[in-house]
Structure formats: C-alpha cells, structure tokens
Amino acid sequence: MKILVVGSGGREHALAWKLAQSERIQTIYVAPGNGGTALDGRLKNITLSDPLALAEFAKAEHISFTVVGPEVPLAAGIVNIFRDKGLKIFGPTKEAAQLESSKDFAKTFMQRHGIPTARSQTFAATAPAHAYIDTHGAPIVIKADGLAAGKGVVVAMDLQEAHDAVDMMLGDNKLGDAGARVVIEEFLAGEEASFIVMVDGKNILPLATSQDHKRLRDHDLGPNTGGMGAYSPAPIVTPELHARVMREIIQPTVQGMAKDGILFTGFLYAGLMIDEHGNAKTLEFNCRMGDPETQPIMARLKTDLVTVMEHAVNGHLDTIELKWDRRTALGVVMAAGGYPDAPVKGAQITGIPAETADTVTFHAGTALENGHLQVTGGRVLCVVGLGDSVKSAQKHAYDAVDAIHFDGAQVRRDIGWRALNRKH
Ligand code: AMP
Ligand code: GLY
C-alpha cells in the first residue's frame, strides 16, 4: 500500500515514522519532507506542494490515502480538491478548517453552541477596539483573526501593550489579511493542555493527552514559539476531566459543526486552559495535530496507524480502539539560533544517536545535502525520550540532546516541569 503525508515538520516525520511501522506499507511519500524523512529508507520525499499537483500525483501513484499535517494546505482546500477527484484524504475541508483559520468563526461557533471559552468581541476598526480595551482593562488578549504562523496572539499584561497590539494588527496592517479583524478576549489564568481527537464526521476517537511548552526559554520566559517541547500523557487531564472535556467541548463541537452543515473530519485539537478548580475552557481550535505534541504521542501509539487511518477515512472510528505505551514520552525541541524571529540557517548537524527502544529523534527544519544534515528552519529537531516516569523519559531525551550538536542550538532544559511538580 502507498500513502502520502503532506508537510515538512517534526509532526509529519513522526506521522510518517509511525505509518511506516505497518507491515502493509510499500512506500510512504512525504511532500516535501525533511532531512529525517530523506534518511529513512521506508520514506520517500517528493518536492510537490501545490494541492492540485499533489492530487494528480496521488491519482497517478494509486495512493491509498493522504494525511495532511499543517494548517495552510487545509485552509487552502486540499481536502476539497482531493475529494472532488475521488481520492481519500484525512483532514477537514476548507469550510471546516475555519475553526482554526478564523478565530472569529471559532468564537462565534463556540458562543452559538454553548462551548466554554473566554468572553470576546471581534473588531475591524481601531477606535472601537481601543475603547473595548479601556472598558475591560488588562490583562487582556488580542488575536489576529486569520492564520499568522504563531505570531497572531498577544497576551497583553498592561493597557499599553494591548493598544499597541491593536495598532500593529489593525492600524499598521503588520499581519496582512490575517490581522484585518481582531478578536479581543478575556485573559484566562490556569494551566494549558492539548486535547487532540480524530473525527470521521460523526465518530470521535481521542488520542493520548499532551502538554506543550510555548515559551522559548526555561521557566516559561521569553517569546512565544510554535512549541519548544511536549510530553504525553499530561497528568493534569485526569480521567474525570477527560470525560468532562469530551462532554462539554469535543462532542458539542463535532455535533455543532454537523448541525451547521459542515461535517468535521480530521484531527481536532482543542487548546485548553484549565483553572485551579479543574474547569476547562477552549483557548483555540486547531484542525490538525499539534507540533511538537505529535512526536511524543506517536512515540507512545502501539496500534497500527495505517489501520487507524483507514477507519478514519472510511467513517468507522467507532470500531477501533487505540493502545498506548504506558510509559511517558517527552520531546525536547532543538531550535536554530535566532528562532523564533530570525532563525539562522545552514549550520551542520552532527551526533544524532540511532533510534533505540527509549529514544527517537524526529527532524523538522533539516535537509540532507551531499550526505550532510543542515539546519533549514526554526525548529530543527525534536528528541523524544520514553521512560517509566517523567524523570526517566526526561533523562533519556536530554542524554540524546547532549550528544547532538549544531551551532547556535537553543534548547529548554526544563521540559516536563509541570508534570514533575505534580507528581512530587
Ligand atoms: P492561541 O493561538 O489562541 O492558542 O494562543 C496562543 C497562546 O496564547 C496560548 O497557547 C496561550 O498561552 C495564550 N492565550 C491565548 N488565549 C488566551 C487567553 N484568553 N488567556 C490567556 N492566555 C491566552
Ligand atoms: N504546539 C502547538 C501547535 O501545534 O499549535
């Protein structure tokens, strides 16, 4: 069987790595892939990126199904294009992807269906936005409506920062169309968790829970990033909270989309804020898997992912159960110098250890050039350790990180701190 994975990050490497463990696989194509997928003999990189060209490739190569990693092709309608050609693909349509591609769509949707989220209002002009900020005070959160590659959210701790964010997005148009409207919302305090499920339009299959580390530096300091590390499971999501999130957030979302006439298919990721009383609110939806959450989640998945995906694209997610490695998986991101603002490219990467039963390194911003691995993007590697405790998973991950070298590497040394604190 041949499968196509669309994307080039650590998430896509992890998905392709897991799919490749299936005995039924002939070839897995990754478009465009990275240095890690280039090095794996079971995977084959292809340079196509245009959705139409990918659909033609999938048709010509008799690809059994396609899995899409990133949000940009989903928001551009890759699923619509594939389905129009009768091709199987796992992801949301362009219409359903609005849950991620428009914050205003997501907020209006949540309000309409009674899904817990921060109070908010959407603005297209600066004057009423400034007035709203003055009325509500700080801290307050300013979000660009559209996709802004992680740069669209400002958590303003004071009024000046909030007003500046409005001027940057709405006034100076710094984010282009993505910032043509802004959502201004109530600041929520608490601890974040990533809650990711697979949806086939009707049935919902939850994946293992996880937690990300968004800030660049230790102790959650420094600028926001795409994610500097993640682990699974997230102990904050107790079985009781899991059941509540399914009942109060995930099921109403899937049912609400169906009621609105937009069937949701694909990965659905609710970014949760959990307050001190254990109540969860939705910070955002993503209509894809998280990066780097996918890397530890895939490292723990024991069920054949090809079979899971077949159930997903055929609408049978109610007839499969997922089995997970009971160990903790903890992924540490090694980022390029200058990330997130201006990642420095071109450094040579050495020392990546071979995969073992308790460590695996997924590539993101890497390329294989004349047999050498080079840095090509912001997040370079995600090194995953597995262990019977958070501490041992952390040790396995950092032992491997310490063997790897590239100039300018930025690494957080405290991935997993919340889980460690909780267990003491
Ligand atoms: P988002 O892309 O909406 O998840 O926002 C990015 C990050 O900003 C989140 O992961 C949170 O850390 C933070 N954030 C977003 N919305 C809020 C909020 N209402 N209150 C506090 N922090 C928030
Ligand atoms: N790690 C957060 C995200 O994928 O959006």
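List of remarks:
- The trypsin sites (Lys or Arg not before Pro) of the stretch 1-82 that DSSP puts in a loop, and whose beta carbon has at most 13 other beta carbons within 10 Å, are ARG24.
- In order along the stretch 292-307, the Karplus-derived 3J(HN,Hα) couplings, from 6.51 cos²θ - 1.76 cosθ + 1.60 at θ = phi - 60°, round to x, 4, 4, 5, x, 5, 5, 5, 9, 6, 9, 5, 4, 5, 4, 5 Hz, and Gly and Pro are given as x.
- Label-to-label distance, LYS302 versus ALA125, with points set 7 angstrom from Cα along the beta-carbon direction: 6.1 nm.
- Loop exposure criterion: GluC sites (Glu not before Pro), DSSP state outside H, G, I, E and B, at most 10 other Cβ atoms within 10 Å. Applied to the chain, the longest stretch between such sites is 24-275.
- Short-range pairs are left out: with C-alpha atoms under 8 Å and at least six residues apart, the relative contact order of the chain is 16 percent.
- Radius 11 Å from Cβ of ILE320, net charge of other residues (Lys, Arg +1; Asp, Glu -1): -4
- Whole-number D in µm²/s for the stretch 342-403 (Stokes-Einstein; Kirkwood sum over Cα pairs; 10 °C, 1.306 mPa s): 128 µm²/s
- Amide H within-cut-off set for LEU373, under 5 Å, with H built and near neighbours excluded: ILE349
- Computed in the context of the full set of protein chains, the accessible area of the stretch 174-290 at 1.4 Å probe radius has 51% of its extent on carbon or sulfur.
- Computed over protein heavy atoms with a 1.4 Å probe, the carbon and sulfur contribution to the accessible area of the stretch 1-126 reaches 51%.
- In this structure the amide hydrogen of ASN45, modeled in the peptide plane, comes within under 5 Å of the amide hydrogens of VAL30, none closer than 5 places in sequence on its chain.
- Per residue convex hull volume, Cα atoms of the stretch 304-356, in Å³: 192 Å³
- Applying the criteria of a DSSP loop state and at most 11 other Cβ atoms within 10 Å to the chymotrypsin sites (Phe, Trp or Tyr not before Pro) of the stretch 1-98 yields no site.
- Residue of ASP50, ASP325, ASP167 that the Gaussian network model of the chain assigns the largest fluctuation, springs spanning Cα pairs under 10 Å: ASP50
- Within the stretch 356-418, trypsin sites (Lys or Arg not before Pro) in DSSP loop having at most 13 other beta-carbon neighbours inside 10 Å: ARG413
- The amide H of GLU284, built 1.01 Å from its N in the peptide plane, has GLY271 as neighbours under 5 Å, considering only residues 5 or more places off or on other chains.
- The 3J(HN,Hα) values that the Karplus relation (6.51, -1.76, 1.60; θ = phi - 60°) gives for the stretch 323-336 are, in residue order, 10, 10, 4, 6, 6, 7, 10, 9, x, 10, 7, 9, 10, 6 Hz. Gly and Pro appear as x.
- In a reduced charge model with +1 at each Lys and Arg Cβ and -1 at each Asp and Glu Cβ, the chain shows a dipole moment near 840 debye about its Cα centre.
- Dimensions of the chain along the principal axes, based on C-alpha atoms and rounded to the nearest Å, stand at 59, 47, 43, largest first.
- Probing with 1.4 Å while keeping every protein chain in the model, the per residue accessible area of the stretch 340-422 equals 46 Å².
- Legend: calculated FRET efficiency, ASN224 to LYS391, from the Cβ-Cβ distance at R0 = 25 Å, rounded to 0.05, equals 0.40.
- Residues of the stretch 52-80 with an amide N closer than 18 Å to a point placed 7 Å from the Cα of ASP177 along the Cα-to-Cβ direction: 52, 71-80.
- Cα gyration tensor category, rounded, prolate or oblate, for the stretch 266-424 with a/c compared to 1.5: prolate
- A Gaussian network model of the chain, with springs between Cα atoms under 10 Å, assigns the largest mean-square fluctuation among MET228, MET168, MET334 to MET168.
- Across the stretch 68-79, rounded Karplus estimates of 3J(HN,Hα) from the backbone phi angles (6.51 cos²θ - 1.76 cosθ + 1.60, θ = phi - 60°) give 9, x, x, 6, 4, x, 5, 5, 7, x, 4, 5 Hz, Gly and Pro being marked x.
- Gain in span if fully extended, ARG42 to ARG247, counting 0.36 nm per residue against the direct Cα distance: 69.8 nm
- Accessible surface, the stretch 1-156, averaged per residue in Å² (probe 1.4 Å): 39 Å²
- Estimated inter-spin distance, LYS2 and LYS259, nm [label 7 Å along Cα→Cβ]: 4.4 nm
- The relative contact order of the stretch 4-64, computed from alpha carbon pairs under 8 Å that lie at least 6 residues apart in sequence, is 30 percent.
- Cα gyration tensor, the stretch 258-346 - rounded (a/c under 1.5), prolate or oblate: prolate
The values are calculated or read from the model by the stated rules, or taken from the named source; none is laboratory data. In this text the structure is predicted, and so the values were computed from the model without any measurement. Please note: Cβ atoms are built from the backbone with ideal geometry, for glycine as well, and neighbour counts cover all protein chains shown. Surface accessibility is based on the protein's heavy atoms, side chains included, excluding ligands, DNA and RNA. Shrake-Rupley method; radii C 1.70, N 1.55, O 1.52, S 1.80 Å.
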